[in-house]
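Notes for the one structure printed next.
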Amino acid sequence: MKPVDHAEVVVRFKTLSAEGDQAAGVVFHYIDPSNYYVMVASAKEESCTLYRVREGKKKKIDFKDVIVSPMTWHELRVIFAQDKYTVLLDGDLALGATIPASRLPA
């Protein structure tokens, strides 16, 4: 199966509090359980964060402070095309950049 190199993924989520691990995420550029990217919107950390998981190790690539209000529905939209990604939280631009070719999955 060939990996998808462009898509738009939308999830709606509601965190129940700002305590504990109250977050939602979208996985993209997935190769296997040890190699992928994940965009996480967290109520506890009040941020949108892009992580790269390579060989099972998670590394923060990009982030922005945002308000993820508990007990409120939110929309997380991730758009990616080859090496570019854009993230919208509730319709507002949260993140957007180019992933260096050396960091893209093979």
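Read the figures in this text as sums done on the coordinates, not as results from a lab. Bear in mind the structure is a predicted one, so any value in this text is a computation, not a measurement. Cβ atoms come from the backbone with ideal geometry, glycine included; neighbour counts cover every protein chain shown.
Looking across the range 13-43, just one residue is out of contact with any strand residue (DSSP E or B) (no Cβ under 8 Å at 6 or more places or on another chain), within 17 Å of VAL53 (Cα to Cα) and of a type in the set (A, V, I, L, M, F, W, C), and that is ILE31. If you filter the range 47-72 down to residues that are outside any strand (DSSP E or B) and touching a residue at least 24 places away in the same chain (Cβ under 8 Å), you find that the one that is nearest to GLY96 (Cα to Cα) is VAL66.
Quick grid of which residues meet (1) among the β-branched types (Val, Ile, Thr); (2) in contact with a Lys or Arg (Cβ under 9 Å, 6 or more places away or on another chain):
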{"residue": "SER34", "(1), (2)": "no, yes"}
{"residue": "VAL40", "(1), (2)": "yes, no"}
{"residue": "ALA43", "(1), (2)": "no, no"}
{"residue": "ARG54", "(1), (2)": "no, yes"}
{"residue": "LYS64", "(1), (2)": "no, no"}
{"residue": "PRO70", "(1), (2)": "no, yes"}
{"residue": "LEU88", "(1), (2)": "no, yes"}
{"residue": "GLY91", "(1), (2)": "no, yes"}
{"residue": "LEU95", "(1), (2)": "no, yes"}
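Would you confirm whether or not the range 38-45 contains a residue that is surrounded by 17 or more Cβ atoms within 10 Å (Cβ to Cβ), out of contact with any helix residue (DSSP H, G or I) (no Cβ under 8 Å at 6 or more places or on another chain), at negative phi and part of a loop (DSSP other than H, G, I, E, B)?
Just the residues of the range 38-45 that are surrounded by 17 or more Cβ atoms within 10 Å (Cβ to Cβ), to begin with: 38-43, 45.
Filter again for out of contact with any helix residue (DSSP H, G or I) (no Cβ under 8 Å at 6 or more places or on another chain), leaving 38-43, 45.
Applying the additional criterion that residues be at negative phi yields 38-43, 45.
Restricting the remaining residues to those that are part of a loop (DSSP other than H, G, I, E, B) gives 43, 45.
Yes, some residue in the range 38-45 is surrounded by 17 or more Cβ atoms within 10 Å (Cβ to Cβ), out of contact with any helix residue (DSSP H, G or I) (no Cβ under 8 Å at 6 or more places or on another chain), at negative phi and part of a loop (DSSP other than H, G, I, E, B).
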